[in-house]
1. When you go through Arg60, Arg111, Arg99 one by one, which is the residue that is within 28 Å of Gln39 (Cα to Cα) and basic (Lys, Arg)?
2. Among what's in the stretch 118-135 and is out of contact with any Ser or Thr (no Cβ under 7 Å at 6 or more places or on another chain) and loosely packed, with under 13 Cβ neighbours inside 10 Å, pick the residue that is modelled with the highest pLDDT.
3. Is it the case that some residue within the stretch 77-90 is among the β-branched types (Val, Ile, Thr), at pLDDT 85 or above, part of a strand (DSSP E or B) and under 18 Å from the mean Cα position of the chain (by Cα)?
4. Determine if the stretch 158-168 includes at least one residue that is in a loop (DSSP other than H, G, I, E, B), modelled with pLDDT of 90 or more and in contact with a Lys or Arg (Cβ under 8 Å, 6 or more places away or on another chain).
5. Quick check on my filter: what residues within the stretch 169-197 are of a type in the set (A, V, I, L, M), surrounded by fewer than 21 Cβ atoms within 10 Å (Cβ to Cβ) and at pLDDT below 90?
6. Just need a number here: residues in the stretch 101-116 that are assigned to a loop (DSSP other than H, G, I, E, B) and either surrounded by 14 or more Cβ atoms within 10 Å (Cβ to Cβ) or in contact with a Phe, Trp or Tyr (Cβ under 6 Å, 6 or more places away or on another chain) (or both).
7. Going through the stretch 131-156 one residue at a time, which ones are in contact (Cβ under 8 Å) with a residue 60 or more places away in the chain and of a type in the set (A, V, I, L, M, F, W, C)?
8. Would the stretch 104-126 turn up any residue that is among the basic types (Lys, Arg) and farther than 21 Å from Val27 by Cβ?
Amino acid sequence: MLAVLPAVGSSGVGCSVLFPPKEVDVVLTTDRAEYLVTQVSDDGVTGRYGFSIELQLENRGLVPVYLSRCGPESTSPLHGISLLENATGAAGHRSAYARGWVCPTLYEPFRVDPGETRIDTLHLRGPNRLDGHTGVPIGSLEGRMKVFYQVQDCPEPGACLPFKELGSSNPFRVVFAPEFQATRSLSVHTLSRSNFP
């Protein structure tokens, strides 16, 4: 889940009030339809896994859009990743690559002008959450997923709410690289708190 602090107060103006939705049009696409997960470290209970994804955001609208970021040195926008279905086809789990963003201060967002295209390479790593009782990682490392950005149409951090319907990528599939297929049953790709007493 994507979370940014501080939260926008009740005095914030919704972006849709500033510009009609038809004037704001962004398309976020991935460079591939499938990504292979590899082990990037042996930390923790099961290790850490990850993959890199290149995202292209096109501003096809009539006004500039702004992408939230967490710090002045940040080179990529705040992003989240959601699980559409896990590798077994069941829904209801979260992506192991989802992370919580805690940004004490909101910084000047990235601007993308009409007709402009922005390209980012994200290095997604997981699992990022552990069960508080068992210490077992939570989340699916495989499955159909989407990446999303926080897209707004005003440049002041926290001055308007992100568009809920914009900034989501096309679906893509995440699978273990062949060398991990034999051991994936030991992974955390279907673990959740509900698996434990």
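The values are calculated or read from the model by the stated rules, or taken from the named source; none is laboratory data. For clarity, every value in this text was computed on a predicted model and none was experimentally measured. Positions of Cβ are backbone-derived with ideal geometry, glycine not excepted, and every protein chain shown enters the neighbour counts.
1. Arg99
2. Here the residue is Ile119.
3. There is at least one residue in the stretch 77-90 that is among the β-branched types (Val, Ile, Thr), at pLDDT 85 or above, part of a strand (DSSP E or B) and under 18 Å from the mean Cα position of the chain (by Cα).
4. Scanning the stretch 158-168, I find no residue that is in a loop (DSSP other than H, G, I, E, B), modelled with pLDDT of 90 or more and in contact with a Lys or Arg (Cβ under 8 Å, 6 or more places away or on another chain), so the answer is no.
5. Ala177, Ala182, Leu186 - these are the residues of the stretch 169-197 that are of a type in the set (A, V, I, L, M), surrounded by fewer than 21 Cβ atoms within 10 Å (Cβ to Cβ) and at pLDDT below 90.
6. The number of residues fulfilling the criteria is 6.
7. Val136, Leu141, Met145, Val147, Phe148, Val151, Cys154
8. So far as the stretch 104-126 goes, yes, one or more of its residues are among the basic types (Lys, Arg) and farther than 21 Å from Val27 by Cβ.
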